[in-house]
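The values are calculated or read from the model by the stated rules, or taken from the named source; none is laboratory data. The structure presented is a predicted model; accordingly, all values stated were derived computationally and were not measured. Glycine gets a Cβ as well: all are built from the backbone with ideal geometry, and neighbour counts include every protein chain shown. For the accessible areas, the whole protein counts, side chains as well, though only heavy atoms, and no ligand, DNA or RNA atoms are used. Shrake-Rupley method; radii C 1.70, N 1.55, O 1.52, S 1.80 Å.
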Amino acid sequence: MTGAPATPGSPAPPVALSRSRGVLHAVLDAPGRRNAITPDLLDALHAAVDTAEADPGCRVLVLSARGEDFCAGTDLSAPVRTPEPGAPAELPYWTLLDRLTRTPVVTVALVEGRATAGGVGLAAACDLVLAGPGARFRLTEALVGLVPAMALPFVARRTGEQRAFTATLLAEDLDAGAALAAGLADLAADDPAQALRRTLVALSRVDRSTAGALKEYRARLFPRDAHLGRDAGRTFLDRLADPAVQPLLGRIPAPERAA
């Protein structure tokens, strides 16, 4: 199965879906936009989680990407979508990351290109991260006056507080080996497709209810502040609106305005 076809004159869906036995593959499919995070992409990824959860035979959701970028982070060339009045206070990006950690379906990120800024958070929120030889992970927000407030908690739960802080402050460019050493990736492989196949075989031995119970217990064992999502979104928006940040953002070419 693939994502719904585009109607004539409409843009192609930003995520393509396909199924294999017990697995839903969601491929970020907007390489011309560096698979940047847009409202459409967030909606499509939420829909992918919906599809995986609605199928009782689906145990694993795999996120991967077409092109040189796994995900370039939030597209800042358009206004960031904020919650509607009466809606949950968290921004949609945070809601997606939080959902990837809590869904009973095991989430796997297959990173074969650049994961930048919010793209690092997208990978880090997954239960397992597999890095190919071309994978790069870089939190670049501080270079343009921003704080990766929503991505950082998900990175830090993998790497530890100080390692995540250092990677952010120095905008470190981590290859697959460095990401593995930092805990940002769980496996680095020269043949990522083969590594994914082995991982899926291993995951096939654990039923969905057990994986879901394990993830639920982990969330109880290491709880997040209930207000963290709201505060993270506010921190991001406050920095984005800061007059001192605007000149820094203006230095970035429009097609690359992602963070």
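Specify the residue that is farthest from G132 (Cα to Cα); the eligible residues are those in segment 175-200 that are in a loop (DSSP other than H, G, I, E, B) and either open to solvent by 40 Å² or more (accessible area, probe 1.4 Å) or in contact with a strand residue (DSSP E or B) (Cβ under 8 Å, 6 or more places away or on another chain) (or both).
L184
Name the one entry in G86, G32 that is modelled with pLDDT under 95, out of contact with any Leu (no Cβ under 6 Å at 6 or more places or on another chain) and not in a loop (DSSP other than H, G, I, E, B).
After ruling out the rest, the residue left standing is G32.
Consider A211 carefully, then state whether it is in contact with a Leu (Cβ under 9 Å, 6 or more places away or on another chain), within 19 Å of D127 (Cβ to Cβ), aliphatic (A, V, I, L, M) and assigned to a helix (DSSP H, G or I).
Criteria met by A211.
Those residues that are of a type in the set (S, T, N, Q) and within 12 Å of the chain's Cα centre (by Cα), I need them from segment 108-166; list them, please.
Correct list: T116 only.
Which one of these does R205 not meet: (1) closer than 24 Å to A117 by Cα; (2) part of a loop (DSSP other than H, G, I, E, B); (3) modelled with pLDDT of 95 or more?
Just one mismatch for R205, condition (1).
Would you pick out the residues in segment 163-174 that are charged (D, E, K, R) and either farther than 26 Å from A195 by Cα or surrounded by 17 or more Cβ atoms within 10 Å (Cβ to Cβ) (or both)?
R163
Looking at segment 163-174 only, could you name the residues that are outside any helix (DSSP H, G or I) and either farther than 26 Å from H25 by Cα or in contact with a His (Cβ under 6 Å, 6 or more places away or on another chain) (or both)?
Of everything in segment 163-174, those that are outside any helix (DSSP H, G or I) and either farther than 26 Å from H25 by Cα or in contact with a His (Cβ under 6 Å, 6 or more places away or on another chain) (or both) turn out to be L170, A171, E172, D173.
Would you check which residues across segment 106-162 are part of a helix (DSSP H, G or I), open to solvent by less than 20 Å² (accessible area, probe 1.4 Å) and either under 14 Å from Y93 (Cα atoms) or among the aromatic types (F, W, Y) (or both) and list them?
G118, G119, V120, G121, L122, A123, A124, F154
Would you mind finding the one in R136, R102 that is of a type in the set (K, R), touching a residue at least 12 places away in the same chain (Cβ under 8 Å) and within 21 Å of T51 (Cβ to Cβ)?
The conditions single out R102.
If we scan segment 220-239, do we find a residue that is open to solvent by 70 Å² or more (accessible area, probe 1.4 Å), at pLDDT 95 or above and within 28 Å of S20 (Cα to Cα)?
Checked segment 220-239: no residue is open to solvent by 70 Å² or more (accessible area, probe 1.4 Å), at pLDDT 95 or above and within 28 Å of S20 (Cα to Cα).
Since P56 meets every condition but one in (1) assigned to a helix (DSSP H, G or I); (2) more than 16 Å from the chain's Cα centre (by Cα); (3) not aliphatic (A, V, I, L, M), which condition does it not meet?
Failed condition: (1).
Quick one: in segment 235-249, which of the residues that are not in a helix (DSSP H, G or I) and not small (G, A, S) is nearest to L91 (Cα to Cα)?
Top of the filtered list is D242.
Any idea which of (1) modelled with pLDDT under 95; (2) surrounded by 13 or more Cβ atoms within 10 Å (Cβ to Cβ); (3) not charged (D, E, K, R) is the one G250 doesn't satisfy?
Exception for G250: condition (2).
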